[in-house]
1. Mind putting a number on the dipole of region 127-218 about its Cα centre? Charges go on the C-beta only, +1 for Lys and Arg and -1 for Asp and Glu, and I need it in Debye to the nearest 20.
2. Over the alpha carbons of region 148-201, what is the largest minus smallest coordinate on each principal axis, giving the biggest first in Å?
3. Give, rounded to the nearest 20 debye, the magnitude of the charge dipole that the chain has about its Cα centre when Lys and Arg contribute +1 at Cβ and Asp and Glu contribute -1 at Cβ.
4. Put +1 on the Cβ of each Lys and Arg and -1 on the Cβ of each Asp and Glu in the chain; which of ALA61, THR42, ALA160 then has its Cα farthest toward the positive end of the dipole?
5. Cut-off under 24 Å on the C-alpha distance; same-chain residues fewer than 8 positions from LYS111 excluded. Which lysines are left, in chain and number order?
6. By count of other Cβ within 10 Å, fewest leading, how are THR204, THR149 ordered?
7. How large is the direction-averaged shadow of the alpha-carbon convex hull of region 136-257, in nm²?
8. Taking 45 Å as R0, compute the FRET efficiency from the Cβ-Cβ separation of HIS47 and ALA131 and round it to 0.05.
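Derivation of every value follows stated rules applied to the coordinates shown; laboratory data play no part. For clarity, every value in this text was computed on a predicted model and none was experimentally measured. Quick reminder, even Gly has a Cβ in these numbers, built from the backbone with ideal geometry, and neighbours come from all protein chains shown.
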Amino acid sequence: MTAIPSFQERLAAKGHLLNGYCAMPGAFSAELYAGQGWDAVTLDLQHGLIGYEAAVAMLQAIRASGVLPLVRLPWLDPGLIMKMLDSGALGVTCPMINDAEAAERLVRCCKYPPRGERSMGPIRAAAIYGADYPEQANRLTSVLAMIETAEAVENIDAIAAVQGLDGIYIGPADLAVSMGKPVRLEAPDPAVEAAINHVLERVTARGLACGIFAPSPARAWALVERGFRFVTLSSDARALVAQTSAWVRSFRKLAGG
Ligand code: 3PY
Ligand code: MG
């Protein structure tokens, strides 16, 4: 196997990782997006419009960029975890991990025995990463558990103690909803911000990386300065809308209307 840096090794080398979500299905858009300098790109199979076959083509398309190819699962689905890792994803992010038992199940789905119960058959992963992929896979495949409910915040110490997690990733929108607060990603409600800080503090104290979603570069950087080490800066769909609407607005202004 040519040396492929894992999530942990990339983090150690860079201090923090900048991630972008691909929510739009399609190899070409993913190829363009991944080529813009990200450290990691996550195919969003939860809220993005991406199914399994599109995801495989997108993993192929983003390979040339050298980004860390990750997948956000729709849910804790053992079959899909296996298929995405076999397809060459080098890590998964799993939504709604609310207790240690769910975190343990997640890790077991992602790791080969003895740590886990992933089935052997890395059809594309071994073809592109090397024949020794099975021996390297437990090191290479990162596991991020999403904390995005009040219950998960309550259980953060037990969740973060599960062996094999590479990090904890906060979903600030769902967290706000779960706490009965408005979704304000740029400036969360103080109670949501306090919960975010609590998770960051507990996870960092355990020596794990803490990640989070951010809607803008300013918020993403402020979160890194606060100690977050894996930050998702919005998505391809939001970038397309933002740039396109700014261009059309500029043109309309020049045209006087
Ligand atoms: C959330 O904010 O709930 C998310 O899932 C962000 O990725
Ligand atoms: Mg969420």
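1. Rounded to the nearest 20 debye, it is 100 debye.
2. 34, 18, 16
3. The dipole of the chain has a size of about 680 debye.
4. The Cα lying farthest towards the positive end belongs to ALA61.
5. Counting by Cα, and skipping residues close in sequence, LYS111 has these lysines nearby: LYS83.
6. Going from least to most buried by this count: THR204, THR149.
7. Averaging across all directions leaves 9.8 nm² for the Cα convex hull.
8. 0.80
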